[in-house]
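Notes follow the structure.
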Amino acid sequence: MKEAVFVKQNIGRWRKTEALVEGGEADSPDVLADAYIATTSDLAFAQTHYAKSRTTQYLNALALALHNTIYRYKRQPMSRLLTFWTREVPQTMWEARRELLLSFIIFVVSALIGVISTLGDADFPRIILGDDYVDMTLENIANGSPMAVYDSDNESDMFLGITLNNVWVSFRTFAMGVLTSFGTGYMLLVNGVMLGAFQTFFITKGLFWESFLAIWLHGTLEISAIIIAGAAGLALGNGWLFPGTYGRMASFRRGARRGLKIVIGTVPVFVTAAFIEGFLTRHTEWPDAMRLAVILFSLAFIVWYFILLPQKVHHAR
């Protein structure tokens, strides 16, 4: 049977199954069971005759969604929380791997814009960071404490304020995806340019190494989490722009669920980054090797949890 004929014969039933999945409920468990059996049967046929087609990919996703719907109301053990962090978030990151790569590229390009702009115009950081902040930093440099901004408040207040700000930035970057992917792209652009200008400002003052250790001690986790939140926002925005075989609203809801799960996964990272910035970054007198070790450990964790573990979880499934 030709693929077009196969699709034409069954598309109506698949649409009804989509509606069943989106509704999340059925008149009886038998309705979900019958839909699951029919869908997996169609999937088996498609895998046999059209293994690499979009129809097969669509049916595979539909069968997985049905499976999740069937087991949604099953009583979950306490290990459900552990499963969320060890399986669900990594699997979602695997599904959003293209959005993660795009978010990373946008942020890096934006940071380079900040770097080049600062090298070309010494006053550019004032436009991005504000005159008050730049003047305060110049005064700190003149006093021999260029990183004094990180010990301007007591540890607990600073930790709480940074945590709230970081989480807000994360959710705002995600929520801007409602304005399509361009909203999230704008947030990544702003944060990237700011980082590039900030780091280059210290480099032009001959403070590369000291600023690198101070900024990236907490920034490795913080910036990584912003990029990951950007992937969540792009997943949300792409649901509007590229619905594929789903209806636009159904695709948007799928993107929103996936993006929200990613954002929740970044919260512990932001909290840890805030703890480091509030309690550790201020100790510029600590050995360089110790601070560099924290930076490298943070980077290793990000790569493992958000890149390597998702690959492992996906292939295990």
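The values are calculated or read from the model by the stated rules, or taken from the named source; none is laboratory data. Since this is a predicted model, take the numbers as computed values, not measurements. Glycine also receives a Cβ, built like all others from the backbone with ideal geometry; neighbour counts cover every protein chain displayed. With ligands, DNA and RNA removed, areas are computed over all heavy atoms of the protein, side chains included. Shrake-Rupley method; radii C 1.70, N 1.55, O 1.52, S 1.80 Å.
A few remarks follow.
- Solvent-accessible area assigned to carbon and sulfur over the chain amounts to 65 percent, based on a 1.4 Å probe.
- The gain in end-to-end length when the HIS314 to ALA148 segment is fully stretched comes to 55.3 nm, 0.36 nm per residue minus the alpha carbon separation.
- In the context of the full set of protein chains, residues of region 225-317 present 47 Å² of accessible surface per residue (probe radius 1.4 Å, heavy atoms only).
- Per-residue HN-Hα couplings for region 181-188 [Karplus 6.51, -1.76, 1.60; θ = phi - 60°; Hz; x = Gly/Pro]: 4, 5, x, 5, x, 5, 4, 5
- Selected from ALA148, ILE307, THR284, residue furthest toward positive end of dipole (the chain; charges at beta carbon): ILE307
- The relative contact order of the chain comes to 23 percent, based on Cα pairs under 8 Å that sit 6 or more residues apart.
- Estimated distance in nm for a label pair at VAL267 and TYR186, the labels positioned 7 Å out from Cα along Cα-to-Cβ: 2.7 nm
- A dipole drawn for region 69-209 from +1 and -1 charges on Cβ atoms has a positive end, and of THR184, THR92, LEU102 the residue lying farthest that way is THR92.
- Debye equation applied to the C-alpha atoms of region 220-317, log10 I(q)/I(0) at 0.14, 0.25 Å⁻¹: -0.65, -1.23
- Only the Cβ atoms of Lys and Arg (+1) and of Asp and Glu (-1) were treated as charged; on that basis the dipole of the chain about its Cα centre amounts to roughly 2060 debye.
- What you get for region 73-228, charging only the Cβ of Lys and Arg (+1) and of Asp and Glu (-1), is a dipole of about 1140 debye around the Cα centre.
- Qualifying lysines (Cα of each under 24 Å from Cα of LYS8; at least 8 residues distant if same chain): LYS16, LYS52
- In Hz, Karplus ³J(HN,Hα) per residue of region 121-129 (6.51, -1.76, 1.60; θ = phi - 60°; x = Gly, Pro): 9, 4, 8, 4, x, 5, 5, 7, 9
- Nearest-ten-degree value, helix 248-275 long axis tilted from longest Cα axis of the chain: 30 degrees
- Potential extension, VAL109-PHE84 segment - 0.36 nm per residue separation minus Cα distance: 5.7 nm
- Accessible area per residue for region 104-174, computed on protein heavy atoms with a 1.4 Å probe, is 57 Å².
- Averaging 1/r over each pair of different alpha-carbon atoms in region 100-235 and inverting the result gives 15.6 Å, the Kirkwood hydrodynamic radius.
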